[in-house]
Amino acid sequence: MADSGAEVLTGNGPRKILSNSIDVKPGSFSSIPILDFSLAFSDDFTDRKKCAEQLFDACTRVGFFYVKNHGVPQDVVTNCFGAARQFFDLSLDEKMKIYIKDSDNYKGYTPLLGENTDPAGRGDLHEGFDVGYDSKAVKNEMEGENRWPETLPEIKEPVTDYFNSMIRLGKKLFQLFALSLDLDEHRFDSTVSGKGSVMRLLHYPPQKDENIDLNQLGIGAHSDYECFTMLAQDDVPALQVLNAEGEWVAAVPIEGTFVVNVGDSMARWTNDLYLSTIHRAINRSGARRYSIPFFFGVDYETTIEVLESCTSEARPPKYKPINAGQYIKQRLNETY
Ligand SMILES: O=C(O)CCC(=O)C(=O)O
Ligand SMILES: [Fe+2]
């Protein structure tokens, strides 16, 4: 982890970190807004527009928000957490049979310290299992067939159910995103089939306060690569979000919600109007922590280019057009 006053490198440039501590600002988690998505699913356009305005406010001020009444059934979430626990309980040998580095398109298992999200860090203290859109035909560098543990085939169903539910939510989120920028609600529908999305099951073993090394956290300080991340947390707190003052704010678990954050691809679309906010996770609880981030992106063949509505003479485009799949692949290569 970076020193006090140092920077974290992101794919879109460096970001300052002012605080060099594992502690968070007390009580300030309420600065992460909560959006009620029953408005997003309303048949009434004024409700959807109201929700889009709240989304705009959250994305431009914070880059993070909670979503409640999101429409994903609780048992779909619970069953996927159950699958995560079962998977990570397998022996290391069993999990390594589907080692992510043996896959051509980032599917499978990442062991502890197998990833390094913060370039200044020495590896992340979590293990993961990556699942994407299941496609038999390998069409590009990211898409391909999912890989499942031989001895635990029963996790395929709950994980796939979760994946499909999150695709539905992500599509709705994208419509709201379009509305929030005064674009046609359906402007992105044809580019968000779900094929550009990745989900991960994550397990963070607990870290003892006295042993915590700032260069080796549950997940080091980073920003995400795709458009939006929708995160399911269990009831163990760990996630911290960097606020505009460069201080860490806790994104505590709130039952029945997902934590959503803007990723670097979305920051590029919006010329950094929407903030791709730095975050990290440290599990100091003494218990195992599980989380399920879902990285929702546009289809890999899409060109991500700054939206015309996010530029002006005073604010010229900061980013060149880029192919979505190549961008994600390049960012992943830097992490593994
Ligand atoms: O597990 C968490 O709370 C955060 C995970 C995360 O930031 C990521 O996987 O990119
Ligand atoms: Fe992240």
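The values are calculated or read from the model by the stated rules, or taken from the named source; none is laboratory data. Bear in mind that the values here come from a model prediction, so they are computed numbers and not experimental data. Cβ sites come from the backbone with ideal geometry, for glycine too, and all protein chains shown count toward neighbours.
Of note, residue 314 does not satisfy the criterion of being hydrophobic (A, V, I, L, M, F, W, C) and in contact (Cβ under 8 Å) with a residue 12 or more places away in the chain.
Could you list all residues from region 117-153 that are in contact with a Pro (Cβ under 7 Å, 6 or more places away or on another chain) and part of a loop (DSSP other than H, G, I, E, B)?
Here is the first cut: in region 117-153, the residues in contact with a Pro (Cβ under 7 Å, 6 or more places away or on another chain) are 125, 127.
125, the sole residue that qualifies.
For the structure I just gave you, tell me whether residue 165 is part of a loop (DSSP other than H, G, I, E, B) and either under 14 Å from residue 293 (Cβ atoms) or away from ligand 1 (no atom under 13 Å from the Cβ) (or both). Lay out the reasoning, then the answer.
Values: part of a loop (DSSP other than H, G, I, E, B): no; either under 14 Å from residue 293 (Cβ atoms) or away from ligand 1 (no atom under 13 Å from the Cβ) (or both): yes.
Taking the combined requirement at face value, the residue does not satisfy it.
Confirm whether residue 114 is closer than 30 Å to residue 175 by Cα and in a loop (DSSP other than H, G, I, E, B). It is false that residue 114 is closer than 30 Å to residue 175 by Cα and in a loop (DSSP other than H, G, I, E, B).
Cβ-Cβ distances below 9 Å connect the following pairs, each with a first residue in region 83-109 that is under 17 Å from residue 335 (Cβ atoms), a second residue that is of a type in the set (S, T, N, Q) and assigned to a loop (DSSP other than H, G, I, E, B), and a separation of six or more residues or different chains: 105/140; 107/146; 108/146.
Tallying residues that are surrounded by fewer than 17 Cβ atoms within 10 Å (Cβ to Cβ) and more than 23 Å from residue 180 (Cα to Cα) within region 285-318 yields 5. Filtered by the rule that a residue be more than 21 Å from residue 56 (Cβ to Cβ), away from ligand 2 (no atom under 16 Å from the Cβ) and touching a residue at least 24 places away in the same chain (Cβ under 8 Å), region 279-311 gives 284, 285, 286, 287, 288, 299, 300, 301, 302.
On the given criteria, is residue 145 over 21 Å from residue 205 (Cα atoms) and at pLDDT 95 or above? Step through it out loud before you land on a result.
Details: over 21 Å from residue 205 (Cα atoms): yes; at pLDDT 95 or above: no.
For residue 145, the condition - over 21 Å from residue 205 (Cα atoms) and at pLDDT 95 or above - is not met.
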